[in-house]
Amino acid sequence: MKQPSNETLNPSRGELRRQKFLDVAETLFLQKGYAGTSVNEVVKNAGGSLNTLYRYFENKLGLFEAVFHKKTEEIFTPFLSCDYWQADIETNLKNFGSALQKVALSEEGVAMNRLVVAENNDEQAQIHRIFLENGPQKAIQILTSYFECEQQRGTIQLENPQLAAAQFLEMIKGPFYYRLMFGEQIDENEMQQALLQAIDLFLTGARIQPKAEK
């Protein structure tokens with residue numbers, strides 16, 4: 001009879017091993033890109049075995065998706081709580097927008113964008129899907145849900161909440177994307193100014209104005 005592995009008997013040890021794979025893979029992907037990172041190198045730096053890595057992630061693409069999913073879960077989980085959205089709409093947009101700017105426009109965020117854009121291999125389409133589903137589309141989905149709630153409350157009126165969410169996020173990231181991709185440093189005051197102006201522009205167009213008394 002086959003004896004259970006130590007990781008089966010001790011799930012916490014197995015989870016630590018999985019986490020180690022993810023941490024090492026994240027570092028290597030950011031440093032070397034997807035194509036330049038091998039699963040053998042991940043195992044060499046993380047310990048364990050290739051069979052264990054394949055058992056957790058099936059292949060390199062599965063490992064990449066797990067790394068990306070873990071990072072975006074860390075970023076977006078706080079926004080899924082109802083408590084996060086209890087302030088007025090200006091404050092909520094400022095908090096959400098500031099958090100997204102710090103992630104998307106960070107050195108790590110720009111490095112991940114470079115990784116995805118630079119890949120040109122047989123798995124390119126899957127890499128793009130993973131990035132879009134777990135990154136930009138997730139952010140748009142969260143903000144869309146919030147806009148729909150505000151619309152139901154009668155505070156804003158939007159023809160297309162999903163499109164409005166995408167447009168708002170572009171207003172707070174768009175002015176800086178290429179500058180960062182080309183190695184320029186962005187001052188935090190610039191990002192703050194872009195965020196505040198985006199909120200002002202958005203609410204000027206979206207907020208339902210009280211009817212003037214006759």
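Conditions tested, residue by residue: (1) in contact (Cβ under 8 Å) with a residue 40 or more places away in the chain; (2) more than 17 Å from Leu28 (Cα to Cα); (3) surrounded by 18 or more Cβ atoms within 10 Å (Cβ to Cβ).
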site	(1), (2), (3)
Asn92	yes, yes, yes
Asn95	no, yes, no
Ala99	no, yes, no
Lys102	no, yes, no
Ala111	yes, no, no
Arg114	yes, no, no
Glu123	yes, yes, no
Residue match in the range 188-203 (condition: loosely packed, with under 12 Cβ neighbours inside 10 Å, of a type in the set (Asp, Glu) and closer than 25 Å to Glu74 by Cα): yes
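Of the residues that make up the range 56-70, is at least one charged (D, E, K, R), within 24 Å of Glu133 (Cβ to Cβ) and open to solvent by less than 30 Å² (accessible area, probe 1.4 Å)?
no
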Those residues of the range 184-210 which are among the hydrophobic types (A, V, I, L, M, F, W, C) and assigned to a loop (DSSP other than H, G, I, E, B), in sequence order: Ile186, Ile208
Every pair of residues 6+ apart whose Cβ atoms lie under 8 Å, when the first sits in the range 170-189 and is closer than 20 Å to Gln137 by Cα while the second is open to solvent by 70 Å² or more (accessible area, probe 1.4 Å): Met171/Gln197; Met171/Leu201
The lone exception for Phe57 - which of (1) under 26 Å from Ala139 (Cβ atoms); (2) out of contact with any Lys or Arg (no Cβ under 9 Å at 6 or more places or on another chain); (3) of a type in the set (A, V, I, L, M, F, W, C) it fails: (2)
Considering residues of the range 158-169 that are open to solvent by 30 Å² or more (accessible area, probe 1.4 Å) and either in contact (Cβ under 8 Å) with a residue 40 or more places away in the chain or polar (S, T, N, Q) (or both) only, the residue farthest from Thr144 (Cα to Cα): Gln167
Long-range neighbours under 9 Å by Cβ, at least six apart or interchain, first residue more than 17 Å from Arg55 (Cα to Cα) within the range 19-32, second of a type in the set (S, T, N, Q) and buried (at least 21 other Cβ atoms within 10 Å of the Cβ): Leu28/Thr37; Phe29/Thr37; Gln31/Thr37
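Do you know which of the residues in the range 18-47 that are of a type in the set (Gly, Ala, Ser) and assigned to a loop (DSSP other than H, G, I, E, B) is farthest from Val116 (Cα to Cα)?
Gly47
The values are calculated or read from the model by the stated rules, or taken from the named source; none is laboratory data. Please read these numbers as outputs of a predicted model, since none were measured by experiment. Cβ coordinates were reconstructed from backbone atoms using ideal geometry, including for glycine residues, and neighbour counts include every protein chain displayed. Accessible surface is based on the protein model in full, side chains and every heavy atom, while ligands, DNA and RNA are left aside. Shrake-Rupley method; radii C 1.70, N 1.55, O 1.52, S 1.80 Å.
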